Structures are given as structure tokens and as C-alpha cells.
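Q: What follows is a single structure, and I will ask about it in a moment.
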Amino acid sequence: MFDSILISILWLGGLGLIFGAVLAYAAKKFEVPVDPKIQQIRDLLPGANCGGCGYAGCDDLARAVNSGEAKASACSAMSGDKLTEISKITGTDSGDLQKKKAVVMCSGVGELSKRKFKYHGIENCREAMIVMQGDKVCEFGCMGYGTCVKACPSNAIKIDPKSGQVKVDESKCTGCGICEKACPKKIIKLIPADQKVQIFCKSIRKGKESKEICSASCIGCGLCEKQCPAGAIKMADNLPVIDFEKCTNCGACTEKCPTKAIRKV
Amino acid sequence: MRLLLIIVSAVLINNFVLVQFLGICPFLGVTKKVETAIGMGAAVIFVMTLASAITYVVQYAILEKFNIPFLQTIAFILVIAALVQFVELVLKKTSPSLYQALGVYLPLITTNCAVLGVAILNINYHYNFIESVVFGAAAAVGFTLALILFACIRERMEYSPIPKALEGFPIALISAALMSIAFMGFSGLI
């Protein structure tokens, strides 16, 4: 009885010891030298592995930052103090941080915009595009099949069930730009995070044509250009273009817009 | 011939996941994409084959010899865990690309019941050394097959109109059950 207990303890303990020793030896023998700086940088990165920086996850960006291949500001989800901390580790400039957010530049969804036909296929914008460039008469507009919603790694994009409007939750959006790449219509755009006023239309049709197919469309009237006290709006291809450097977010343009295509985010 | 029978039996008739219900957690956990399913499958094939060989030696050279077979479970877990750790260390040094591919999955397997299952079944079926290794490899291939098939189905389901109440795991479990029934159809093949 006592023997078997002793033998068990000895064998199992012995096995454990042997394995421990072998592993310890292997850890030393097969050690791969890693630059400790990479780990330090990695700890400061957000760790969401979103891939928005163009590298395969945060580990890869940390490696690239350490070797001087990339700047830490490539990560749009970084905060200012963390960037300075990374600068301290690498001893180089980490680049300027400009926080961005995504906006969906179309408000002509649901009943507002006419459809060419009823689409019954796979619920995915890219699939929907295959048939006649999508089911909407306006080929610039959002179809609302939620490809961006699925692409967003931080669940910031939602489709409003009532209006069908695709909305970005600013508090969750990290500005990684994955949705920008996922949208087949190129409606999603990254803008500076503090920008309030934005044009929500991509249609370059003339006013009359636009009005016929979508009641939320910009009609290219140019009222916003005239209203802007800072001279930040210029018309191009029947659409206003906002110069974010000059825009003061005063909202004068939003008040006069007849279709509310330009408005606050 | 016996080896061939072992292979067919392990891959199809007694498929680890769908018939014996071993290793269900990776079956549901890493089958959202075919890519990850293949990664996990490769890691499992690798570890199961090695584990069958090592646990065979441990069973007959130590446990049987010193009359302590009741330590089987705990000894096998210890051996498999140490083995996986060791393989990970070696791979990291010798083959970084393979390490990158298997990376996350290797530690996951350490406590996988399918790996422990194959070790214990080898002993229960009284296989000899070669049969054990072949059984281990074939069982892992069956495991991988089930994972990849299921991942393909789940990828298709992503874009299918599924009733709201069944979205996500419920429909995954239902399709797993249907797959399992299909695999049960292989019984009686040999």
C-alpha cells in the first residue's frame, strides 16, 4: 500500500522534474533573441489587431516601428501620450497624430431613394453590386446591405432599423479605415475626428436628375458655398467639397441646404 | 490490411468529433473560417501523431512496468503538455514559418480532450506501437476533415438568410448535429 503511493509520487514527480529540466534546457538552447523594445512598443499599441495600419496586426507594426520601417502614428487608434512614450523607446519621432473617424456619405436610404428592382440575393453589398451595379437608381448611393457593419472590428457601425440609415458610433470608431476599404461604392470616408459638418451625398448628377431619383440628394445648388463665412466650401462636379483646414464647424451651410444633404455629423 | 482498416475506421466510422464527440470545443471554436480550421487541423495532426508515440512508450515502459497504471490520465496529460511546449520551442527556433502558421493553435491543443482521448484509446484497443501511431495520425486526419467541412458550411451560413432566433451558435449546433447524423451513416462500413 505504502509502496505504491511512494512509487507513484516518485515516478510522477520524477517525470515532472525531467520534463521541467528538458523544457528549461530547450528554452535556453532554442531561445530566439527578441528585441525587448518590440515587446515594450507592442504593449503600448492598442492590441486590437485590426490591421488598419497596413501591417498584419499589432505585433507586426511593433516590429516595423522598432526597425524604423513605419511610424507609430500609422495606427489611427493611438492616443497622444502613448505616441510620445513610443518615441521615448525608439528615440525617433513617432509622427503626428490626427485622429480620424469614418462617415457614411449617403443619406438616401430606404424610401428616400428609388430602386431599380427588388434585390433578393445575399445580404452583402459586394454581391449586390454584381447585378447591374446594385439595386439603386443612384449608382453612387448606399445600398444598405451592411458589408461595412460586418467589416468593422470595433462594432461601431450600425444600421438604424427604422430609417435604414447606416450610422457610425463616434465613441466606438477608432478610425482604422477598414470600412472605407470594404465599401464597394466608396461612400465611407475618413475625416478628422473633430470635424462636425459634412456633406452626405456622393452623387455628381445635375440637380434636376438627382431630385427625381432621391429626395435626400445634394442638388448642387451651391447655396452652401455662398453661405460659408470661412470660404471653406468649393463646388466641384455638382458637389460641395469641404476644406477641413478652413472649416470652423459654424454650421451656416447646414441651415440653408434645401435637402439637408450637408449637415452636422 | 489491419492498418488500412484502422485508418478508415478512425477517419470515417469512428470520427473523433462527429461520432465519438471528442474535441468539440475547437470544433465550434475555430471553425468560423476555413483558414483557421486548416491551421488547427495541421497542428492537431502534428501533435496527435507525436503524442500517440510518446504515450505508448510511457504506458508500457513506465506505468505497466512499475504497476501504476492508475496514473495513466495524469501522466498522459503531463507528457502531452510537456511535449507540446517542447515542440513549440523547437519550432520557434528551427522553422519560424511553420511556427507562425501553427502559432496560436499549438498551446490550445495542450489540454485538448481529443489528444488525451487518442492516447487512452490506443491503450484500450491494445494497439502495438506502429498501430498506435497510425491510429493517432488517422484520428487527427478525421478531426481535421470534420473541422474543415464544418468551417465550409459555416462560411456559407454567414450569408444565408437564417431566422433571427437561430443566428450564430444555435444554427451551428443544429448543423453540427446533422453532420454527425451523416457520419453515423458510415457505421457498418467495415
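Q: Quick check on segment B:60-74. Is at least one of its residues aliphatic (A, V, I, L, M) and touching a residue at least 24 places away in the same chain (Cβ under 8 Å)? Spell out the reasoning first.
A: In the first step, residues of segment B:60-74 are kept if they are aliphatic (A, V, I, L, M); the result is B:61-63, B:68, B:71, B:74.
Okay, now just the ones that are also touching a residue at least 24 places away in the same chain (Cβ under 8 Å), so none.
Looking for residues that are aliphatic (A, V, I, L, M) and touching a residue at least 24 places away in the same chain (Cβ under 8 Å), one finds none in segment B:60-74, hence no.
Q: Same structure, new question: Could you check how many residues of segment A:1-23 are at the interface with another protein chain (Cβ under 7 Å from one of its Cβ atoms) and more than 20 Å from B:Ile54 (Cβ to Cβ)? Step through it out loud before you land on a result.
A: Here is the first cut: in segment A:1-23, the ones at the interface with another protein chain (Cβ under 7 Å from one of its Cβ atoms) are A:4, A:7-8, A:11-12, A:15-16, A:19, A:22-23.
After this cut, where a residue has to be more than 20 Å from B:Ile54 (Cβ to Cβ) as well, the list is A:4, A:7.
Final tally of qualifying residues: 2.
Q: Continuing with the same structure: Of the residues that make up segment B:165-173, is at least one under 30 Å from B:Arg2 (Cα atoms), in a helix (DSSP H, G or I) and either at pLDDT 90 or above or acidic (Asp, Glu) (or both)? Talk me through it step by step, then tell me what you get.
A: First, the residues of segment B:165-173 that are under 30 Å from B:Arg2 (Cα atoms): none.
Among the residues of segment B:165-173, not one is under 30 Å from B:Arg2 (Cα atoms), in a helix (DSSP H, G or I) and either at pLDDT 90 or above or acidic (Asp, Glu) (or both), which makes the answer no.
Q: Let me ask something additional. I'd like to know if segment A:194-211 contains one or more residues that are loosely packed, with under 14 Cβ neighbours inside 10 Å and of a type in the set (Asp, Glu).
A: Scanning segment A:194-211 turns up at least one residue that is loosely packed, with under 14 Cβ neighbours inside 10 Å and of a type in the set (Asp, Glu).
Q: Here is a list: B:Leu50, B:Leu106. Which entry is more than 20 Å from B:Ser132 (Cα to Cα), buried (at least 18 other Cβ atoms within 10 Å of the Cβ) and more than 9 Å from chain A (Cβ to nearest Cβ)? If you could, list the steps in order and put the result at the bottom.
A: Details: B:Leu50 fails: more than 20 Å from B:Ser132 (Cα to Cα).
On inspection, the qualifying residue turns out to be B:Leu106.
Q: Surrounded by fewer than 16 Cβ atoms within 10 Å (Cβ to Cβ) and either at pLDDT 90 or above or among the aromatic types (Phe, Trp, Tyr) (or both) - does that describe any residue in segment B:13-32?
A: Yes, that holds for at least one residue.
Q: Condition first: on the phi > 0 side of the Ramachandran plot and either small (Gly, Ala, Ser) or within 9 Å of the chain's Cα centre (by Cα) (or both). Now tell me which residues in segment A:147-203 satisfy that. Walk me through it before giving the result.
A: At the first step, the residues of segment A:147-203 found to be on the phi > 0 side of the Ramachandran plot are A:155, A:164, A:175, A:177, A:186.
Across segment A:147-203, the qualifying residues are A:Gly164, A:Gly175, A:Gly177.
Q: Just to be sure, is A:Ala56 in contact with a helix residue (DSSP H, G or I) (Cβ under 7 Å, 6 or more places away or on another chain) and among the small types (Gly, Ala, Ser)? I'd like the intermediate steps shown before the answer.
A: Details: in contact with a helix residue (DSSP H, G or I) (Cβ under 7 Å, 6 or more places away or on another chain): no; among the small types (Gly, Ala, Ser): yes.
Spelling it out, it is not the case that A:Ala56 is in contact with a helix residue (DSSP H, G or I) (Cβ under 7 Å, 6 or more places away or on another chain) and among the small types (Gly, Ala, Ser).
Q: Count, please, the residues in segment A:62-82 that happen to be in a loop (DSSP other than H, G, I, E, B) and touching a residue at least 24 places away in the same chain (Cβ under 8 Å).
A: Residues of segment A:62-82 in a loop (DSSP other than H, G, I, E, B): A:67-71, A:75-79.
In the following step, the residues that additionally are touching a residue at least 24 places away in the same chain (Cβ under 8 Å) were identified as A:68, A:71, A:75-78.
Result for segment A:62-82: 6.
Q: Looking at segment A:75-98, can you tell me whether even one residue there is surrounded by fewer than 15 Cβ atoms within 10 Å (Cβ to Cβ), over 22 Å from the mean Cα position of the chain (by Cα), more than 14 Å from chain B (Cβ to nearest Cβ) and under 29 Å from A:Lys211 (Cα atoms)?
A: Looking through segment A:75-98, none of the residues is surrounded by fewer than 15 Cβ atoms within 10 Å (Cβ to Cβ), over 22 Å from the mean Cα position of the chain (by Cα), more than 14 Å from chain B (Cβ to nearest Cβ) and under 29 Å from A:Lys211 (Cα atoms).
Q: Under the condition of being under 17 Å from A:Ala128 (Cα atoms) and buried (at least 22 other Cβ atoms within 10 Å of the Cβ), which residue from segment A:148-178 is modelled with the lowest pLDDT?
A: Out of the qualifying residues, it is A:Val166.
Q: Another question, if that's okay. Report the residue count in segment A:1-53 for those that are surrounded by 12 or more Cβ atoms within 10 Å (Cβ to Cβ), of a type in the set (Lys, Arg) and farther than 30 Å from A:Ala72 by Cβ.
A: So the count comes out to 0.
Q: May I ask you to verify whether A:Leu112 is within 14 Å of chain B (Cβ to nearest Cβ) and either at negative phi or in contact with a helix residue (DSSP H, G or I) (Cβ under 7 Å, 6 or more places away or on another chain) (or both)? If you could, list the steps in order and put the result at the bottom.
A: Numbers: within 14 Å of chain B (Cβ to nearest Cβ): no; either at negative phi or in contact with a helix residue (DSSP H, G or I) (Cβ under 7 Å, 6 or more places away or on another chain) (or both): yes.
Judged against the criteria, A:Leu112 is not a match.
Q: Now a separate question. For segment B:92-101, indicate whether the set of residues that are more than 11 Å from chain A (Cβ to nearest Cβ) and surrounded by 14 or more Cβ atoms within 10 Å (Cβ to Cβ) is non-empty.
A: Yes, because at least one residue in segment B:92-101 is more than 11 Å from chain A (Cβ to nearest Cβ) and surrounded by 14 or more Cβ atoms within 10 Å (Cβ to Cβ).
The values are calculated or read from the model by the stated rules, or taken from the named source; none is laboratory data. These numbers come from a predicted model, not from an experiment. Backbone-built Cβ (ideal geometry, glycine too); neighbour counts: all protein chains shown.
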